[in-house]
1. Return the loop-located trypsin sites (Lys or Arg not before Pro) in region 239-298 (DSSP other than H, G, I, E, B) with at most 15 other Cβ atoms within 10 Å of their own Cβ; answer none if there are none.
2. For ASP156 and ASN294, what does the FRET efficiency come to when R0 = 30 Å and r is the distance between their Cβ atoms, rounded to the nearest 0.05?
3. Can you give the translational diffusion coefficient of region 107-156 in µm²/s, computed by Stokes-Einstein from the Kirkwood radius over Cα pairs at 10 °C and 1.306 mPa s?
4. Using per-residue counts of other Cβ atoms within 10 Å, averaged over each peptide, order 58-64, 48-54 from highest down.
5. Please work out the Cα center distance from region 72-92 to region 1-62, rounded to the nearest Å.
6. Which is farthest toward the positive dipole end of the chain among THR24, GLN125, GLN152, measuring Cα position about the Cα centre, with Cβ charges +1 (Lys, Arg) and -1 (Asp, Glu)?
7. 7 Å from Cα along Cα→Cβ at both GLU53 and ARG204: what's the point-to-point distance in nm?
8. Run the numbers on region 149-279 and let me know its relative contact order in percent, using alpha-carbon pairs under 8 Å that are six or more apart.
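Bear in mind these aren't lab numbers, they're just calculated from the coordinates by the rules spelled out. What you are looking at is a predicted structure, and each value in this text was computed from that prediction instead of being measured. Reconstructed Cβ throughout: ideal geometry from the backbone, glycine too, with neighbour counts over all protein chains shown.
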Amino acid sequence: MNTAQPYQNPVIAQRADPWVYKHTDGYYYFTASVPKYDLLELRRSKTIQGLAEAEPVVVWRKHEEGPMSQLIWAPEIHFNQGKWYIYFAAAPIDYPEDGTFNHRMFAIENDSANPLEGEWTEKGQIVTAWESFALDATTFEHNGKLYYVWAQQDYDIPGNSNLYISEMENPWTLKGKYTMLSKPELDWEIIGFKVNEGPAVLKRNGKIFITYSASATDINYCMGLLSADEDSDLLDAASWSKSKQPVFRSAPENGQFGPGHNSFTRSEDDTQDVLIYHCRNYTEIVGDPLHDPNRHTRAQIFTWNEDGTPNFGIPLPDKDFVRS
């Protein structure tokens, strides 16, 4: 396999929580958190690198007040059951209460062929079994069922967020049982904050893999990995195993700090797997890391281990990086 890295990083500056989806029309569709956390934008390109020059189109803006009026975080675009959906989190206030923000999860829908055109319709809040801080939803289809994976706080479990899975009744409604897949408990998951968030799903080699991000969004941010057999009951917590160590973390030797909140796509010729993620290239953050805009979108090819698990390597240097 050709594992040469064709992408020059960063691909897009000041876009955190990046989501890249390659559709059947041959376009890559991109969305991410914008620095002001005030809107949802989309761009598309026939190449990953070309997303940098693609014209962003604003498809939705935050409300003046109410539950969708502040801190629009971590959008993802999906094509589910013949329509486009963007899943995102929003809050009624722009500050935390009792150490936690107040986000809930929402969806908008578009039935146009090109999601940069046409009308987006609000489908409302994705309602879970209890009301608490919730964010970072993703969806995936498996064996004819649509699943939803997200991060949410449980007041009975110490920490900011755990990971959950549920089947979906439709692309904006959950049904049936809820299962907790992971909680922040290992030493590398609880630095600064006790966090499991930003899940992304990868299906390969008879397995369902879910990457996720852990710890505070500074140099300690890193990625873990959950895995289950593709024929197992995905709503049974016992079907899932969890990596004991991070699978992707800071690489000071390459000037890369706090990689995470990733997505997956394929190379332009569909022969290689691509990890999309955000990362900073410095450590001197002033104030709350969430308000530092320089988590840039990056891309790199990854490979596979002999046991069928993904091998992400380490974050590669920026194109103008000079090793000191």
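1. Answer in residue order: LYS244.
2. 0.25
3. Roughly 119 µm²/s, to the nearest whole number.
4. The most tightly packed comes first, giving 48-54, 58-64.
5. So the separation of the two Cα centres works out to 14 Å.
6. THR24
7. Distance between label points: 2.9 nm.
8. Over region 149-279, the number comes to 18 percent.
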